[in-house]
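The structure appears below as structure tokens.
Please treat every number below as a calculation from the coordinates, not as lab data. Computed from a predicted structure; not experimentally measured. So basically every Cβ, Gly included, is an ideal-geometry build from the backbone, and we count neighbours across all protein chains shown.
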Amino acid sequence: MIYVLMHRNDPVIVVNIDSSGQMRDVSTHIYNRDLLPLRHQTETNGLVRWWKERAVPLSRHGIQQFMMERGFDGPEDYLVKNLGLSLSDTYWIKPADSNLSWTNINLYENDFRTDYFSYPQDGDERNMPAYSANSSLQGDVEKTWTIRNGDRVLIKGNSSARSSESLNEVLASELYRRQGYDNYVSYELVHIKDVEYQFGCVCKDFTSPAQELVTAYDLITSQKKQNQISYYQHMMDVAVQHGSNREELQRDLDMMLLGDFLLSGNDRHGNNIGFLRDTETLKLLRMAPIYDSGRSLFVGADMPSQMSDLLKVSTNSFADTEKKMLSYVQDKSLLDISKLPSPEWVRELYEKDPEQSEGRIKIITWAYEKKVDMLRDIQLGRDPYKILFSPSGQKKADYE
């Protein structure tokens, strides 16, 4: 079937999507090249890959059962049935023979279905809104968009019976709030029916019809990187070309990386760093509010047993170690240690979850406290990564 990829009410390019929802080919009929999605824009069949990656991942908890029960052939079928609509950007697909308009179908201003995790929305099917906001929602933990008190909000779950990811999102919010920093997503705990964990978390959408999300991965893949520079520098350079203020961007990145260090965050990959783009001018406005800090404090990783473990935290980001990630920070004094949540506050937060054992809480609290000590040393000009260890591998007394 022939569709037109749209950006708000502006046609971008003609595409062919088959009955299973897969984009088979892309027409040479381009209405506006500037409006093409940045991701993979420079690659052959880049738009086909962009469409496939836009669909909800099959690794999402419960998504395969949901699609089977609802009769979808797969993620791309789910995506095309919902016109590729998103609450992160203003792209969608319009059947070539339809009179649909952005005004009448966009999810920012019209009601939408809430596919509540793997559970269908209650109510009369005939009276439900036509489209869901979830078919383009990324990430592995179960989640859903819904409308609460008129706001578009995202409800997220966890990867196990523990509420760790949700607790970590709230902790990161508190960390940045106490700094007086103005560019982070604020999360709060929420109870979710019919799930195995105590808490999920909820946050407001930070995009709108006027500003949309462009990820770091979008920017990185939009231009070829020069061999002599890092992917981190490449991202910054491309962002500045698209309108970012370099000094403001460096400050935002510094704050994010320092926060990740304190929380031992290990999942700051290219889709977990974003930029807000003006949907009319296509200029970048600022780095998006810091989001997706859930995979911190050793979620999905081995718990540390000694200080040396905290000096070897691996990361899934521009570098594979925290030490290398810290090297990208220009102003390591930007984060005020005197304004951080205390280890006692972290303990009390984790004690809300009955699935967190006392042993786990003790290790998490200890690790957080030691990371604060490490950052304090770094700010004083000492390098904790050069501290000597005893033959047994145990840290010497100053960090015990």
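How much net charge surrounds Y108 when only the other residues with a Cβ under 14 Å from the Cβ of Y108 are counted, with Lys and Arg +1 and Asp and Glu -1?
Values: positive: R8, R152, K204; negative: D89, E109, D111, D151, D205, E212.
Charge balance in the 14 Å sphere: -3.
So how much slack lies between S27 and E355, counting 0.36 nm per residue of separation and subtracting their Cα-Cα distance, in nm? Mind showing how you got there, number by number?
Working: separation 328, 0.36 × 328 = 118.08 nm, distance 5.30 nm.
Computed gain between S27 and E355 is 112.8 nm.
Hey, how many Å between the Cα centroid of the stretch 138-200 and the Cα centroid of the stretch 1-33?
Between the Cα centres of the stretch 138-200 and the stretch 1-33 lies a distance of 34 Å.
Rounded to whole Hz and in sequence order, give me ³J(HN,Hα) for the stretch 58-72 from the Karplus expression 6.51 cos²θ - 1.76 cosθ + 1.60, θ = phi - 60°, writing x for Gly and Pro.
In residue order, the calculated couplings are 5, 6, 4, 4, x, 6, 5, 5, 4, 5, 5, 5, 9, x, 8 Hz.
Charges on Cβ only, +1 for Lys and Arg, -1 for Asp and Glu, centred on the Cα centroid of the stretch 2-135; of S59, H7, L36, which one is farthest towards the dipole's positive end?
The residue sitting most towards the positive pole is L36.
Taking mean projected area of the Cα convex hull in nm² as the quantity of interest, determine which of (i) 24.3; (ii) 17.7; (iii) 21.1 was computed from the displayed structure.
Here mean projected area of the Cα convex hull in nm² agrees with entry (iii).
Take the alpha-carbon centre of the stretch 42-86, take the same for the stretch 229-260, and report the distance between them in whole Å.
30
For D336 and T281 in one chain, what is 0.36 nm times their gap in residues minus the Cα-Cα distance, to one decimal in nm?
On the way: separation 55, 0.36 × 55 = 19.80 nm, distance 3.60 nm.
Full-extension gain reported as 16.2 nm.
Taking loop as defined by DSSP and a crowding limit of 14 other beta carbons within 10 Å, which trypsin sites (Lys or Arg not before Pro) in the stretch 153-236 fit?
Values: sites: K156, R162, R177, R178, K193, K204, K224, K225; in loops: R162, K193, K224, K225.
Answer by residue number: K193, K224.
Once you compute Rg and the Kirkwood Rh from C-alpha atoms, what is the Rg to Rh ratio for the stretch 211-399?
1.00
Any idea what the dipole of the chain comes to, in debye rounded to 20, about its Cα centre with Lys/Arg Cβ at +1 and Asp/Glu Cβ at -1? Each step should come with its number before you reach the end.
Details: 47 positive and 59 negative charges, 176 e Å.
Charge dipole, the chain, about its Cα centre: 840 debye, nearest 20.
Give me the distance in nm between label points sitting 7 Å out from Cα along the Cα-to-Cβ direction at R382 and T321, one decimal.
For R382 paired with T321, the spin-label model returns 2.0 nm.
Once you have the Kirkwood Rh of the stretch 2-135 from its Cα pairs, apply Stokes-Einstein at 10 °C and 1.306 mPa s and quote D in µm²/s.
Once the numbers are plugged in, D ends up at 103 µm²/s.
Going 7 Å from the Cα of I363 in the Cα-to-Cβ direction, what parts of the stretch 299-337 have a backbone nitrogen less than 16 Å from that spot?
299-314
Each label point is 7 Å from the Cα along the Cα-to-Cβ direction; what then is the distance between the points at I147 and I2, in nm?
So the label points at I147 and I2 sit 3.4 nm apart.
Find the relative contact order for the chain and round it to a whole percent, using C-alpha pairs within less than 8 Å whose residues are 6+ positions apart. Walk me through the numbers on the way to the answer.
On the way: 696 pairs, mean separation 51.3, N = 400.
For the chain, the relative contact order is 13 percent.
At most 15 other Cβ atoms within 10 Å and a DSSP loop assignment: could you name the trypsin sites (Lys or Arg not before Pro) in the stretch 344-382 that fit?
Numbers: sites: R347, K352, R360, K362, K370, K371, R376, R382; in loops: K352, R382.
Passing sites in the stretch 344-382 are K352, R382.
Among Y3, Y385, which comes first, second and so on when ranked by fewest other beta-carbon atoms within 10 Å?
Values: Y3 21, Y385 14.
Ordered by Cβ neighbours within 10 Å, fewest first: Y385, Y3.
If you take the beta carbon distance between L100 and E188 as r and set R0 to 35 Å, what does 1/(1 + (r/R0)^6) give as a FRET efficiency, to the nearest 0.05?
Values: r = 36 Å, r/R0 = 1.01.
Approximately 0.50, to the nearest 0.05.
Exceeding 32 Å between C-alpha atoms, which entries from my cross-link table qualify? They are K81/K225; K143/K352; K52/K332; K52/K339; K143/K362; K224/K370. Write down the numbers at each step before the final one.
Numbers: K81/K225 36 Å; K143/K352 21 Å; K52/K332 39 Å; K52/K339 43 Å; K143/K362 29 Å; K224/K370 40 Å.
Flagged as over cut-off: K81/K225; K52/K332; K52/K339; K224/K370.
Based on the Cβ-Cβ distance from D10 to A301, what FRET efficiency comes out when R0 is 56 Å, to the nearest 0.05?
On the way: r = 44 Å, r/R0 = 0.79.
Using R0 = 56 Å, I get an efficiency of 0.80.
Take every Cα-Cα distance within the stretch 1-51, group them into 10 Å bins from 0 onward, and report for each bin the whole-number percent of pairs it holds.
Taking every Cα pair in the stretch 1-51, the percentages come to 27, 61, 13.
Assuming R0 = 22 Å, can you tell me the calculated FRET efficiency for the pair R70 and S159, based on Cβ-Cβ distance, to the nearest 0.05?
0.45
Placing +1 on the Cβ of each Lys and Arg and -1 on the Cβ of each Asp and Glu in the stretch 211-399, which of I229, H269, M256 has its Cα farthest towards the positive end of the resulting dipole?
I229
Go through the stretch 168-185 residue by residue and turn each phi into a ³J(HN,Hα) via Karplus (6.51, -1.76, 1.60, θ = phi - 60°); whole Hz please, and just put x for glycine and proline.
Couplings: 5, 4, 5, 4, 4, 4, 5, 4, 6, 4, 5, 6, x, 7, 10, 10, 9, 7 Hz.
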